[in-house]
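Beneath this line is the structure, given in structure tokens, with notes to follow.
The values are calculated or read from the model by the stated rules, or taken from the named source; none is laboratory data. Remember, it's a predicted structure, so these values are computed and weren't measured experimentally. Glycine also receives a Cβ, built like all others from the backbone with ideal geometry; neighbour counts cover every protein chain displayed. Just the protein is used for accessible areas: all its heavy atoms, side chains included, with ligands, DNA and RNA removed. Shrake-Rupley method; radii C 1.70, N 1.55, O 1.52, S 1.80 Å.
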Amino acid sequence: MEKYIPVVVIKELSEVDKILPALKKNGINCAEITFRTACAKEAIELAVKNYPDMIVGAGTVINEKQCEEAIEAGARFIVSPGLSVRVAEFCKEKNIPYYPGCVTPTEIMQALELGITTVKFFPANVYGGLKALKALSAPFPQVKFIPTGGVDRINIDEFLAFDKIAAIGGSFFVKEALEKEEQNG
């Protein structure tokens with residue numbers, strides 16, 4: 001798994017060929033394309049076709065239909081803001097990693113019952129950030145977290161220093177890459 005998982009919102013397909021090369025130039029070879037827009041499936045297909053060396057996944061997947069579409073499009077991992085048993089089962093059947101959003105002990109226990117040991121912690125800043133992750137790690141030492149939401153350049157090193165962090169998710173990676181691209185013009 002990559003250490004950085006940029007959350008990528010594609011509103012128009014042309015953005016794929018702008019954002020993904022910028023991420024690559026910034027040393028990031030991963031993209032979580034969200035299912036928040038009408039062209040999400042097509043964006044994933046295009047990203048997989050044009051950037052085969054990148055790990056392209058689908059984010060904001062909230063039901064089995066979206067999950068199926070994402071995997072058909074070539075998504076190599078699925079991320080959800082919460083935990084969906086149906087999505088978890090579908091991903092397991094297709095042998096695709098699934099990172100559900102889990103912020104409570106009950107949600108983490110449900111993920112573990114489904115065989116999931118890496119979960120998204122979203123929104124990290126609202127649910128207690130690194131302090132909460134450290135507290136949750138005590139009863140769940142086998143769990144790794146992908147904090148997303150409220151992680152930025154100011155606190156990213158603190159998060160990465162904690163051994164229970166599998167990766168950092170965030171849209172700020174996209175913003176940084178595009179700003180660097182503009183500066184280098």
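Rounded to the nearest 20 debye, what is the charge dipole size of the chain about its Cα centre when +1 sits on each Lys and Arg Cβ and -1 on each Asp and Glu Cβ? With Lys and Arg at +1 and Asp and Glu at -1, about 320 debye.
Keeping the other protein chains in place, figure out the carbon and sulfur percent of the accessible area of the chain, with a 1.4 Å probe.
That fraction is 51 percent.
Taking amide hydrogens as placed 1.01 Å from N in the peptide plane, the amide H of T118 sits under 5 Å from those of K144, each at least 5 positions away in sequence or on another chain.
So which of K18/K65; K11/K175; K18/K180; K24/K92; K11/K120; K120/K164 end up more than 18 Å apart by C-alpha?
K18/K65; K24/K92; K11/K120
Along the chain, the exposed loop sites are trypsin sites (Lys or Arg not before Pro) outside DSSP states H, G, I, E and B with at most 14 other Cβ atoms within 10 Å, and the longest stretch free of them is 37-152.
Shape analysis of the range 120-185 based on the Cα gyration tensor places the equivalent ellipsoid semi-axes at 27, 11, 9 Å, largest first.
Accessible area per residue for the range 55-132, computed on protein heavy atoms with a 1.4 Å probe, is 47 Å².
In the calculated pair-distance distribution of the range 1-108, the portion above 25 angstrom amounts to 16 percent of the Cα-Cα pairs.
Seen from a random direction on average, the alpha-carbon convex hull of the range 75-185 projects onto 7.8 square nanometres. Convex hull volume of the C-alpha atoms in the chain, normalised per residue: 107 Å³.
Using 1/(1 + (r/R0)^6) with R0 = 45 angstrom and r between the beta carbons of R86 and E182, what's the FRET efficiency to the nearest 0.05? That pair, R86 with E182, gives E of 0.65.
Rg/Rh, computed from the Cα trace of the range 1-59 with Rh as the Kirkwood radius, has the value 0.91.
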